[in-house]
Amino acid sequence: MSKTRLGFWFATWFGTGLSPVAPGTVATLATLPLNFGLLLLPPILYLAVILDAWSRRVVGYAVGPMLDARLPLAALAAAVAARQPSPGCIHHSDRGTQYASRRYRDALAAAGLRGSMSRPGNPYDNAHAESFMKTFKHEEALLMPYRNMDDLLTRIPLYLEHTYNHLRLHSALGYLPPSEFAAQHQRAIAAVKS
């Protein structure tokens, strides 16, 4: 296993387009700061998240102590199970070792996804993912210290699944939360079909 640098790794997985009829997703992987009270511990947990790039909804995530391919693989498996993307969707990632690993590339192929990597040193290729992680850190991870590991493992899913998906307003979505934006789109499609 190759050594990895500390910091953040971001990936973007776009579907056949970012239009309402072909939503894609965005993946991000980052260090979680563990702040139990006043005691600052070295970062020992990592978060991998996959977002629907069209609705900004969290569709898969995983938390773990190792920054290797297993973490984004778990998030990818959750996202694929939740979204069931069409074969041929493009999964775009940065050049992090987790996303370049044979195991990750094999999982993409097994899910029918086409892998693609960003240009060297270009953070703009992953702007959605970087924006999400900034939001997550400012609204959850850095807002209040986690009391203990159980608190962290309770609050992160609550933020991702409830606060972010159902309450947080997004200017790109007409100031609607992701779940409401997607539901509004589904209602519009149903009205056109009927």
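Derivation of every value follows stated rules applied to the coordinates shown; laboratory data play no part. Fair warning: this is a prediction, and the values are worked out from it, not measured in the lab. In this analysis, Cβ positions are derived from the backbone assuming ideal geometry, glycine residues included, and neighbour counts consider all displayed protein chains.
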Going residue by residue through segment 134-140, the Karplus relation 6.51 cos²θ - 1.76 cosθ + 1.60 with θ = phi - 60° gives ³J(HN,Hα) values, rounded to whole Hz and with x marking Gly or Pro, of 4, 4, 4, 5, 6, 9, 9
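Ratio of Rg to Rh for segment 45-194, alpha carbon only, Kirkwood?
Across segment 45-194, the Cα-based Rg/Rh ratio is 0.98.
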How far apart, in nm, are the 7 Å Cα→Cβ label points at ASN148 and ALA172?
3.8 nm
Around CYS89, which amide H atoms from residues at least 5 apart in sequence, or from another chain, sit under 5 Å from its own amide H, with H modelled in the peptide plane?
ARG114
